Amino acid sequence: GDKLINKNEIDVFNKIKLLNKYASSYNKVYGMSTNIYFWDILNNKESRPIAGLSACNNSEASAVVSLVQWLLLSGIPKSSITIITPYKGQRNLIVTLLRKANCILKDDEGITVSTVDRYQGDENDIVILSLVRVNPGNQFVALLNRFIVATSRARLGFYIIGSINAVTKSKAGDDNSGPEHWNRFINYLKTPIDNVGIRVGSSLPICCPRHSSKRRLEISSIDRFPNDNNWSQFCKDACRYKLPKCKHYCGNTCHSHYKLHTIDCEQLVERPCSKHSSIPLICNKVLGSHTSLTYALEKFQCDINVSYQRNECNHVVSLSCYNGTLYESGRIVLEKCQQKVSDYIHPVCNHITSNMKCYKKLEYEANTPICIIKVNYTRPCKCVCVLECHEAIKQRSNPSDCEASIDYIKPRCYHKLSIRCNVGSKITAWWNNQNSLSADRLLDGTTLVRYG
């Protein structure tokens with residue numbers, strides 16, 4: 001027994017590093033003010049056995065579950081936590097309460113819960129021991145071999161939940177009359193150390209896992225443990241977690257391990273633009289989907305709007321600083337100018353085209369278009385037709401045959417025919433040449449009936 005209670009041997013709890021990603025430079029357990037503590041539960045009482053004659057203690061089991069919940073909120077992984085107890089009944093009770101608290105699931109019991117005897121030879125980063133018994137003189141708990149196994153399983157944090165009197169007193173109730181190994185161990189915990197003090201008492205000292213030196217709390221009852229809902233009352237400091245992409249601090253008010261760090265970093269960064277470096281950027285706006293802030297700044301395109309004058313028309317266009325630089329260097333061409341301008345007057349026919357856009361008027365002025373406005377054109381034969389303006393102009397200088405359909409009365413027999421206008425004109429001309437009689441005098445001067 002002397003080997004275990006030697007001071008240098010007991011210091012193993014403060015020297016062995018936690019073998020996972022949560023290890024700190026001082027080997028502290030996240031959320032705990034000390035690596036080892038005996039939490040002497042107030043009003044501790046044993047409970048009626050729930051299975052057979054195996055002892056159990058609901059007060060301690062509830063305290064164990066509350067401590068586990070706090071460790072998980074602080075960021076300790078489930079696989080780093082082991083709970084041991086001398087009694088199978090207490091082991092079963094703890095498992096039941098852990099499941100009710102959703103700390104362990106049937107399919108994935110990351111937290112180990114075992115009896116002391118079955119855990120011999122194993123170890124874990126953090127071990128919680130529930131003693132169960134509250135009356136002094138119990139030989140089952142006091143057994144030296146069981147004490148050695150129970151107190152040597154933790155690599156970093158060891159927390160005992162129970163009654164000090166049960167392990168330091170004898171049945172007679174005399175102080176320090178209990179097992180020598182337990183008394184020497186408790187006396188060691190009562191020796192104050194720097195920044196911690198004594199490591200035994202009725203209030204469990206915890207701390208903020210991120211601000212351990214500033215935010216501490218003494219837990220005298222399980223309802224005093226902080227949770228997700230009241231964490232901000234426990235610690236109001238800013239979260240100092242460095243975001244992986246930009247390396248800025250989270251910035252949110254301190255929160256539990258289960259609450260996500262900020263997604264949209266609001267830190268200001270310098271704009272990588274020689275023209276607008278005085279206008280800061282918000283980190284999340286420039287970061288986007290990039291994997292790092294450094295890369296995002298290298299690829300950043302300044303979005304400050306700048307006015308530029310078009311070379312072709314002197315109209316002003318608003319471009320982002322980045323696109324404006326490309327435009328000035330000739331690396332991009334702007335879309336055609338959509339600015340509305342004055343009407344276009346056709347130089348040949350003086351027809352007016354309204355609602356002109358700048359680019360279209362410039363095209364018309366550079367290359368005069370044909371006028372396609374519809375006009376009424378009277379042919380030499382007196383037929384009226386609808387043509388595009390440019391076609392009517394051509395007809396005046398070089399008229400084509402009229403293809404209009406007309407009712408034509410033959411000069412000789414006065415029968416009515418439906419023929420093309422140009423054909424009727426040819427017949428009339430031929431008849432006039434043959435008879436020297438004008439067709440205009442036929443049928444009381446009515447020769448043609450036109451339609452179409």
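Straight-distance candidates among the lysines for linking to Lys410, with alpha-carbon spacing under 28 Å and chain neighbours fewer than 8 residues away dropped: Lys382, Lys426.
Rg of the Cα atoms in segment 34-115, relative to 2.2 N^0.38 Å, amounts to 1.08. Each residue of segment 164-174 was assigned a 3J(HN,Hα) from its phi angle through the Karplus expression (A = 6.51, B = -1.76, C = 1.60, θ = phi - 60°), giving 5, 4, 5, 10, 10, 10, 8, 4, 6, x, 6 Hz with x at Gly and Pro. Taking 4.7 Å between beta carbons as the limit, the unpaired Cys residues of the chain are Cys56, Cys103, Cys207, Cys246, Cys313, Cys349, Cys381, Cys383, Cys385, Cys413. Of the peptides 340-347, 401-408, the ranking by mean beta-carbon count within 10 Å, highest at the top, reads 401-408, 340-347. Using the Cβ-Cβ distance between Asp194 and Ile304 with R0 = 56 Å, the FRET efficiency computed as 1/(1 + (r/R0)^6) comes to roughly 0.50. About the centre of its Cα atoms, the chain shows a dipole size close to 580 debye [charges on the beta carbon of Lys, Arg (+1) and Asp, Glu (-1) only; nearest 20 debye]. Stokes-Einstein diffusion for segment 218-353 at 4 °C, viscosity 1.567 mPa s, with a Kirkwood radius from C-alpha pairs, works out to 65 µm²/s.
In the distance distribution for the chain, Cα-Cα pairs more than 32 Å apart total 64 percent. Neighbours of Gly31, meaning other residues whose beta-carbon lies under 11 angstrom from its beta-carbon, give a summed charge of +4 when Lys and Arg score +1 and Asp and Glu score -1. If R0 is 45 Å, the Cβ-Cβ spacing of His315 and Cys385 corresponds to a FRET efficiency of close to 0.60. With the convex hull constructed from alpha-carbon coordinates only, segment 143-267 shows a mean projected area of 10.5 nm² over all directions. Averaged per residue, the chain has 57 square angstrom of accessible surface, using a 1.4 angstrom probe with ligands and nucleic acids left out. Residues within the reach of a label modelled at Lys214 (point 7 angstrom out along Cα to beta-carbon, backbone nitrogen below 14 Å), restricted to segment 251-269, are 251-255. Using the rule -39500 (n - 2.57) for each DSSP H run of four or more residues, divided by the residues of the chain, the 222 nm mean residue ellipticity is -7500 deg cm²/dmol. For Lys236, the lysines whose Cα falls under 20 Å of its own Cα, not counting residues fewer than eight places away in the same chain, are Lys214, Lys259.
Relative contact order of segment 216-356, taken over Cα pairs closer than 8 Å and 6 or more residues apart, is 11 percent. Among beta bridges from DSSP that stay inside the chain, the antiparallel ones total about 60%. Given a Förster distance of 30 Å, report the FRET efficiency between His276 and Asp237 from their Cβ-Cβ distance, rounded to the nearest 0.05. Taking R0 as 30 Å, the efficiency between His276 and Asp237 is 0.30. Taking each residue as 0.36 nm, the span from Asn135 to Asp264 lengthens on full extension beyond its C-alpha to C-alpha distance by 40.9 nm. Among the lysines, which fall within straight-line cross-link reach of Lys171, defined as a Cα-Cα distance under 29 Å, with same-chain neighbours fewer than 8 residues apart omitted? Straight-distance partners of Lys171: Lys3, Lys7, Lys45, Lys88, Lys190. The string of couplings for segment 208-220 from the Karplus curve (6.51, -1.76, 1.60, θ = phi - 60°) is 5, x, 9, 10, 5, 7, 10, 10, 10, 8, 9, 9, 9 Hz, one whole number per residue in order, with x for Gly and Pro. On the protein heavy atoms, probe 1.4 angstrom, tell me the percent of accessible surface of the chain carried by carbon and sulfur. The value for the chain is 48 percent carbon and sulfur by accessible area.
Distances longer than 10 Å among the Cα atoms of segment 63-104: what percent of all pairs is that? Here the long-distance tail beyond 10 Å is 72 percent of all Cα pairs in segment 63-104. At q = 0.14 Å⁻¹, what log₁₀ I(q)/I(0) does a Debye calculation on the Cα points of segment 263-308 give, no solvent, two decimals? The Debye formula, applied to the Cα set alone, gives -0.32.
The values are calculated or read from the model by the stated rules, or taken from the named source; none is laboratory data. As the structure is a computational prediction, the values presented were derived from the model and not from experiment. We place every Cβ from the backbone using ideal geometry, glycine too, and count neighbours over all the protein chains shown. Just the protein is used for accessible areas: all its heavy atoms, side chains included, with ligands, DNA and RNA removed. Shrake-Rupley method; radii C 1.70, N 1.55, O 1.52, S 1.80 Å.
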